[in-house]
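Below you'll find the structure, written out as structure tokens, and then a few comments.
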Amino acid sequence: MISKSAGLFVDLKSINPSQLALRLHQQIPRKDPRLIQIIIDQTSDKSGKKLQTSKNFIGGWLPNGLFLTSAGVDKIDAGISGLRKSQHEDKTNVETICDMLAASAGLLMGQKGKMLPIVKIHGIDYTFDKFATIRDAVN
């Protein structure tokens, strides 16, 4: 959310993936190698030692000590009003404002419970849908 408000966007067309990014793309083919390069750059470690990968996952340790999925890098599809959308095989996942608020609260609380035990979010413009079901929330 902070990156969006600060205008921190990168045009993927301007990124040339390194050999490391291309090798990681072989392990995680669903991730664009240019996006992997941005993830590597976010860790400030060109060797890749601050990355954690598995078949369908890449995460990274940032210089501030936080470990984030994709090192905090999001690929934004301009067609979904600023919410994050991802697709893998036949499943599409769209994060909602609730997902983003929960993630923001998690950042404020800190990792491993060392900071705040609770975060109060107020001032959000929200309309409750009394007809929504759990099926509407699960995709």
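Just so it is clear, none of the values below were taken in a lab; they were calculated from the coordinates. All of these numbers come straight from a predicted model, not from anything done at the bench. A quick note on method: Cβ atoms are made from the backbone with ideal geometry, for glycine too, and the neighbour counts reach across all protein chains shown.
Observations, loosely collected:
- Potential extension, LEU62-ASP99 segment - 0.36 nm per residue separation minus Cα distance: 11.2 nm
- A simple spin-label model places the labels of ASP32 and SER14 1.4 nm from each other, with each point 7 Å out along Cα-to-Cβ.
- Projected label distance in nm at ALA132 and ASP45, using a 7 Å step from Cα toward the beta-carbon: 3.8
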